[in-house]
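Below is one structure, written out as structure tokens; the observations come after it.
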Amino acid sequence: MAQQTADVIIIGGGITGTSAAYQLALRGVRVTLLEKSYLAAGGTGRTVGLVRQHYSNETTARMALRALQVWRDFDRVVGGDVGWVQTGALFIVGPHDLDGLKANVALQREVGIRVELLDPPAIQALAPYLYVGDIGGAAYEPDSGCADGAMATNAYAQRARDLGASIEQGVEVTAICTEAGRVTGVQTTQGTYSAPVVINAAGPWGARLARMVGFEVPVEVSRHQVAVFQRPADLSMQHPFIGDFIQGFYLRPETGGLTLVGSLEASEAENKADPDRYAETVDMDFNLEMAELTERRVPAMRDAEIRKGWAGLYDVTPDWHPVIGHMPGLEGFICAFGWSGAGFKMAPVTGEMLADLATGERHCPIDPHPFRFERFAEGDLVRGRYAYSIMG
Ligand SMILES: Cc1cc2nc3c(=O)[nH]c(=O)nc-3n(C[C@H](O)[C@H](O)[C@H](O)COP(=O)(O)OP(=O)(O)OC[C@H]3O[C@@H](n4cnc5c(N)ncnc54)[C@H](O)[C@@H]3O)c2cc1C
């Protein structure tokens, strides 16, 4: 079969891979992206798409803010429609987490995030339908919102193509080729592609690909469900995204009077899954559990109707942060996966970081060093100032 050459090969056509393809093409790099099935077939096509800035770690808070500036103005900055809706985001905690929330809000403000600290009466004024009896306080981000995973991936891919990138679907990478300690390309179901740089952006399949060249990246793949409820007709609220750290779940507004509901509990990662074979629909038990939590927080939702729902995959690392960086001892091999359920919003910045790593240039002001693979062996895990859930 024919051999094709590029400066950089990207494995994976999710939001991470397509954002990197766009950034590289923008810099005039000859880039080929290989996707084994279709764009957004992985975690990206099943995302809830929340773009929040609530982080307890300076690096991720800065990344989230920088990424938000792209999401909210995507058509002008990149080009294309990503289905952006500015919903606002409200994060509520119990009294014992209030000091932690305040510390995180202070950190967020230090990096320039617009966030308000609300007491229970202010929360009630913002969202009169919420039960606030157990709430100590909340952080409210008016600028946060949601975008659509498949639309965003296709928008990035289209812009990358416009700039000369080759985006190939139905091409599965079966081996990573190396010679004398450096990457030379990949073997695929459609022949060999050669390049001095290969980016592994294969999400839940990323660890498997890294293992092909001897790297054991500590990533567990787990199944995460989303319940979909139809809000009652007499409940006219268009609520913001609500992260309820007291009960460990979230509510995300969707068009058509729908609300998407999912868990924020770390124990969700125990639902291990084979990325090639897992139940892609929602379990009725999960629907009922989410309905109970929802009703406790929003009593009027007792009249909501259960609609469809789905399940997708997280690629979870020990510290719930990704691996982004060159892999030691194999020149030209870069990994970018392990986002642990939080990688959608970050993609505009991850793409910049990957283009920097691949070219040796420095355009992104945020250093990906904390996310290096070596941190696991060094015991230098990424930690937040104050954590109340898996949200980082
Ligand atoms: C239910 C759910 C809700 C979520 N909610 C949010 C949220 O609100 N906000 C947020 O920021 N994040 C959220 N996430 C996480 C976010 O969606 C992911 O972190 C992100 O989409 C991962 O993108 P990716 O491109 O790294 O990986 P993926 O989208 O998984 O893409 C990897 C791609 O690689 C391809 N691939 C794999 N192996 C090969 C191979 N050998 N050859 C070629 N191609 C290959 C796959 O087919 C796949 O398309 C959520 C995830 C889920 C599942």
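The values are calculated or read from the model by the stated rules, or taken from the named source; none is laboratory data. Owing to the predicted nature of the structure, the values given are computational and were not obtained by experimental measurement. Note that each Cβ is placed from the backbone with ideal geometry, even for glycine, and that neighbours are counted across all protein chains shown. Quick note on the areas: whole protein, heavy atoms, side chains included, nothing else; ligands and nucleic acids left out. Shrake-Rupley method; radii C 1.70, N 1.55, O 1.52, S 1.80 Å.
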For the range 253-392, averaging the sequence separation of alpha carbon pairs under 8 Å that lie six or more residues apart and dividing by its residue count, the contact order in percent is 22 percent
Taking a quarter of the surface of the Cα convex hull of the range 250-381, what do you get in nm²?
-> 11.0 nm²
Dipole of the chain, positive end: most advanced residue of 135, 294, 4 [Cβ charges, Cα centre] = 4
Prolate/oblate/rounded call for the range 132-220, Cα gyration tensor, a/c under 1.5 rounded | oblate
What is the distance in Å between the Cα centres of the range 269-334 and the range 1-79?
-> 20 Å
The Kirkwood hydrodynamic radius of the range 321-392, taken as the inverse of the mean 1/r over all distinct Cα pairs, in Å, comes to 13.1 Å
Can you list the aspartates and glutamates whose alpha carbon is less than 19 Å from that of residue 36, not counting same-chain residues fewer than 8 positions off?
-> 168, 172, 274, 276, 280, 315
When we measure straight from the Cα of residue 102, which lysines land under 24 angstrom away, once same-chain ones fewer than 8 places off are left out?
-> 345
Label residue 270 and residue 381 with points 7 Å out from Cα along Cα→Cβ: what is the distance between them in nm?
-> 1.7 nm
If each of residue 106 and residue 7 carries a label point 7 Å out from its Cα toward its Cβ, how far apart are those two points in nm?
-> 4.5 nm
List the residues of the range 34-57 whose backbone N lies under 19 Å from a point placed 7 Å from the Cα of residue 187 along the Cα-to-Cβ direction.
-> 34-36
If we restrict to alpha carbons, what Rg and Dmax does the chain come to, in Å?
-> 20.8, 68
Relative contact order of the chain: what whole-number percent is it, with Cα pairs under 8 angstrom and at least 6 residues apart?
-> 24 percent
Measure off 7 Å from each Cα along the Cα-to-Cβ vector at residue 300 and residue 284, then give the distance between these two points in nanometres to one decimal.
-> 3.0 nm
Can you give the accessible area of residue 292, probe radius 1.4 Å, in Å² rounded to 10?
-> 110 Å²
Top mean-square fluctuation among 60, 192, 47, Gaussian network model of the chain, C-alpha springs under 10 Å?
-> 192
Give me the percent of the accessible area of the chain that comes from carbon and sulfur atoms, probe 1.4 Å, all protein chains in place.
-> 48 percent
Bridge orientation stat for the chain from DSSP, antiparallel percent rounded to 5, came to 70 percent
What dipole magnitude, in Debye to the nearest 20, does the chain give about its Cα centre under +1 on Lys/Arg Cβ and -1 on Asp/Glu Cβ?
-> 680 debye
Percent relative contact order of the range 28-167, based on C-alpha pairs within less than 8 angstrom and at least six residues apart?
-> 40 percent
